[in-house]
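Report on the structure given below.
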Amino acid sequence: MGIFDGVHRGHRTLLDTLVNRAVSAGGESVVITFDPHPRLVIEKNTTKLSFLSTMEEKSGLLAKAHINHLVIIKFTPAFSRMRACDFVKKVLSEKLGTEHLIIGHDHHFGFQGEGNFETVRECAASSGFIVEQVRGLKSREGVISSSLIRDALTGGNLNDANKWLGYCYSIKGQVVAGRKLGRTLGFPTANIKPCYRYKLIPADGVYAVEIKVDGDTKPGMLSIGTNPTVNRRQGRRSIEVNIFDFDKDIYGNEIEVFFRYRLRSEIRFDSIEQLSLQMEKDRIVASRLLS
């Protein structure tokens, strides 16, 4: 039971324990999660919230853990006020017939987060099922968590973020019309509008990426930022991808970009010519890394 944002390696440790316990007991493994993300319901200001995964992405990642059932509970203001013991009795025991509950090292639930390992174990005693807590998976920076990975991505530390996730971070988005400046530089780009407004966007900079488009996976390089060389005033943040050796019209199409390597930070150059020269260098490095 949990939010499972990103379904990272720490979550996989929890899920592996769940599946093993279910097999040993001759039972079925069940994962419970919530939609929308509880913070979108509880917090008054949601404009600065961002998450590693959509519900669709989360479901796909959880399926790879070989669980038997995924239960998605609609999270509403009324549900947020349910006491932890009421949830244990009415949902876990009476509706699901839980025999063995496994929770993460820092998981809290119920009204005002009152449900932790100790309180849940006390509540579960009357319902007759076991509660087990699994320790967090540690890295040199601490226990692997969704917040640790979010901080890494927004701080430009893609290598550690991907390592802790156990896969390459990705963003799905629709290709929308841009200013077509990349074409004049010899590097036509597709401007991407993320499909999910709360999807975390990594730190500004240039990345070597792989792009899933029209059923194929293509190499490319991607820029996140305000394009300071052409926008002398603070421009709007944009996501632009140059797909190598690709010239199809894909306006309106949905594509997915996988972040493989971070090449550099965003730089303001003195001229368009300098920018074009740097983009050629970026392309060479990206091609080498992706090959």
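The values are calculated or read from the model by the stated rules, or taken from the named source; none is laboratory data. In this text, all values refer to a predicted model and were calculated from it rather than measured experimentally. Note that we place each Cβ from the backbone using ideal geometry, even for glycine, and neighbour counts take in every protein chain shown.
The residue that is surrounded by the fewest Cβ atoms within 10 Å (Cβ to Cβ), counting only those in the stretch 237-250 that are over 25 Å from the mean Cα position of the chain (by Cα) and over 13 Å from D214 (Cβ atoms), is D245. Go through the stretch 243-291 and give me each residue that's of a type in the set (S, T, N, Q) and either outside any helix (DSSP H, G or I) or in contact (Cβ under 8 Å) with a residue 60 or more places away in the chain (or both). Passing the criteria: N253, S265, S271, S276, S287, S291.
Only one of the numbered conditions (1) in contact with a helix residue (DSSP H, G or I) (Cβ under 7 Å, 6 or more places away or on another chain); (2) touching a residue at least 24 places away in the same chain (Cβ under 8 Å); (3) in a helix (DSSP H, G or I) is not met by D160, and that is (2). Does G113 fit the bill of being out of contact with any Leu (no Cβ under 9 Å at 6 or more places or on another chain), under 20 Å from Y261 (Cα atoms), surrounded by fewer than 19 Cβ atoms within 10 Å (Cβ to Cβ) and not assigned by TED's automatic domain parsing to the domain that holds N227? No. Here L49 clears all of (1) of a type in the set (A, V, I, L, M); (2) modelled with pLDDT of 90 or more; (3) surrounded by fewer than 14 Cβ atoms within 10 Å (Cβ to Cβ); (4) farther than 20 Å from F34 by Cα except the condition numbered (4). Scanning the stretch 67-78 for residues that are exposed (fewer than 15 other Cβ atoms within 10 Å of the Cβ) and among the hydrophobic types (A, V, I, L, M, F, W, C) returns V71, I72, I73, A78.
Restricting the search to strands (runs of 3 or more DSSP E) fully inside the stretch 65-140 and requiring at least 1 residues that are touching a residue at least 12 places away in the same chain (Cβ under 8 Å), over 25 Å from the mean Cα position of the chain (by Cα) and farther than 17 Å from I3 by Cα gives 100-103, 130-133. Within the stretch 1-49, being under 22 Å from L148 (Cβ atoms), of a type in the set (K, R) and either touching a residue at least 12 places away in the same chain (Cβ under 8 Å) or not assigned by TED's automatic domain parsing to the domain that holds F87 (or both) holds for R9, R12. Of everything listed in (1) in a strand (DSSP E or B); (2) surrounded by 14 or more Cβ atoms within 10 Å (Cβ to Cβ), the single unmet condition for T217 is (2). Residues considered: E240, E273. Of these, the only one that is among the charged types (D, E, K, R), under 23 Å from A177 (Cα atoms) and in the same structural domain as G186 (by TED's automatic domain parsing) is E240.
P202 meets the stated requirement of being buried (at least 16 other Cβ atoms within 10 Å of the Cβ), touching a Ser or Thr at 6+ places or on another chain (Cβ under 8 Å), over 18 Å from K281 (Cα atoms) and at pLDDT 95 or above.
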